Amino acid sequence: MKNIILFGPPGSGKGTQAAKLVKKYNLLHISTGDLFRYELGNNTELGQLAKSYMDKGALVPDEVTVAMLKKKVEMNPDVNGYIFDGYPRTVNQAVHLDYLLKGKKQKVSGLIALDVDDEEIVKRLLRRGETSGRADDKDEKVIRQRIKVYEKETSPVFDYYDLNKKSTKVDGIGSLNQIFNRLCEVIDKV
Ligand code: B4P
């Protein structure tokens with residue numbers, strides 16, 4: 001059983017690589033960003049709440065995100081493992097994830113952080129914003145705010161798992177296949 005956290009700043013390629021990795025390792029892909037966008041697409045109360053934070057480049061409050069993630073994991077008990085994409089984004093979310101997995105007699109196998117510099121992120125997200133319809137990808141100010149939030153609130157999650165030597169950095173610049181191969185090398189060892 002492998003439970004992988006795919007980590008990194010917004011636009012570092014987590015969603016892109018997770019889609020490839022789940023096929024190779026037969027894992028369940030859980031993207032909290034996708035879950036919020038699904039709710040938004042269905043115009044639910046949760047979707048509207050999430051939108052009010054996402055559009056500003058802020059994190060959706062932990063109590064909302066933690067409950068949503070728990071529900072998704074509990075709905076899918078019979079899997080080979082999970083790829084968590086965009087979760088945890090705070091140390092508090094990480095503590096809840098460890099607790100949730102412990103209840104299933106499992107643990108996080110490893111966290112892999114995609115390393116991409118800020119200017120490349122801004123370029124990628126503005127490019128995606130031209131076609132994605134995502135409000136949070138259209139405005140450079142919002143993108144830079146997301147990067148700031150990542151540095152302040154999310155990057156400590158790397159150190160949290162590094163305390164148990166579970167965190168690894170991978171170069172997130174290159175072709176999709178080059179990055180995929182780098183990730184597989186790490187996953188094969190955890
Ligand atoms: P997410 O949906 O997680 O979005 P992301 O960080 O923008 O995406 P990702 O890193 O997956 O980038 P991608 O592969 O698509 O979050 C959106 C928002 O939801 C957050 O800001 C927050 O408000 C909220 N949220 C989500 N989870 C939360 C949580 N746990 N707690 C609180 N709030 C939460 O790649 C980006 C672009 O780069 C794509 O266009 C792709 O084609 C391109 N790309 C990828 N790899 C490339 C490469 N190697 N070279 C060139 N381009 C590449």
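Residues of the stretch 144-172 that are charged (D, E, K, R), surrounded by fewer than 18 Cβ atoms within 10 Å (Cβ to Cβ) and part of a helix (DSSP H, G or I): Arg144, Lys148, Glu151, Lys152, Glu153, Asp159, Asp162.
Only residues that are without any contact (Cβ under 8 Å) to a residue 24 or more places away in the chain, over 24 Å from Pro9 (Cβ atoms) and among the hydrophobic types (A, V, I, L, M, F, W, C) were counted in the stretch 50-95, giving 2.
Name every residue in the stretch 96-109 that is touching a residue at least 60 places away in the same chain (Cβ under 8 Å) and either surrounded by fewer than 15 Cβ atoms within 10 Å (Cβ to Cβ) or at positive phi (or both), in order of residue number. Matches in the stretch 96-109: Lys107 only. When the stretch 31-56 is filtered for residues that are more than 8 Å from the ligand (Cβ to nearest atom) and in contact with a Leu (Cβ under 7 Å, 6 or more places away or on another chain), the ones remaining, listed by number, are Glu39, Gly47, Lys51.
Is it the case that Gly33 is surrounded by 19 or more Cβ atoms within 10 Å (Cβ to Cβ), under 30 Å from Asn181 (Cβ atoms) and not basic (Lys, Arg)?
Details: surrounded by 19 or more Cβ atoms within 10 Å (Cβ to Cβ): yes; under 30 Å from Asn181 (Cβ atoms): yes; not basic (Lys, Arg): yes.
Yes: the conditions hold for Gly33.
Matching residues to (1) under 23 Å from Asp62 (Cα atoms); (2) under 16 Å from the mean Cα position of the chain (by Cα):
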site	(1), (2)
Glu120	no, no
Arg127	no, no
Ala135	yes, no
Arg146	yes, yes
Pro156	yes, yes
Tyr160	yes, yes
Lys165	no, no
Lys169	no, yes
Leu176	no, no
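Would you call Val142 closer than 23 Å to Asp34 by Cβ and either over 17 Å from the mean Cα position of the chain (by Cα) or acidic (Asp, Glu) (or both)? Quick ask: steps written out before the conclusion?
On the way: closer than 23 Å to Asp34 by Cβ: yes; either over 17 Å from the mean Cα position of the chain (by Cα) or acidic (Asp, Glu) (or both): yes.
Considered against the rule, which asks whether it is closer than 23 Å to Asp34 by Cβ and either over 17 Å from the mean Cα position of the chain (by Cα) or acidic (Asp, Glu) (or both), Val142 comes out as yes.
Within the stretch 124-138, none of the residues are near the ligand (Cβ under 10 Å from one of its atoms), at pLDDT 95 or above, out of contact with any helix residue (DSSP H, G or I) (no Cβ under 6 Å at 6 or more places or on another chain) and under 23 Å from Asn3 (Cβ atoms).
The values are calculated or read from the model by the stated rules, or taken from the named source; none is laboratory data. The structure presented is a predicted model; accordingly, all values stated were derived computationally and were not measured. Note that each Cβ is placed from the backbone with ideal geometry, even for glycine, and that neighbours are counted across all protein chains shown.
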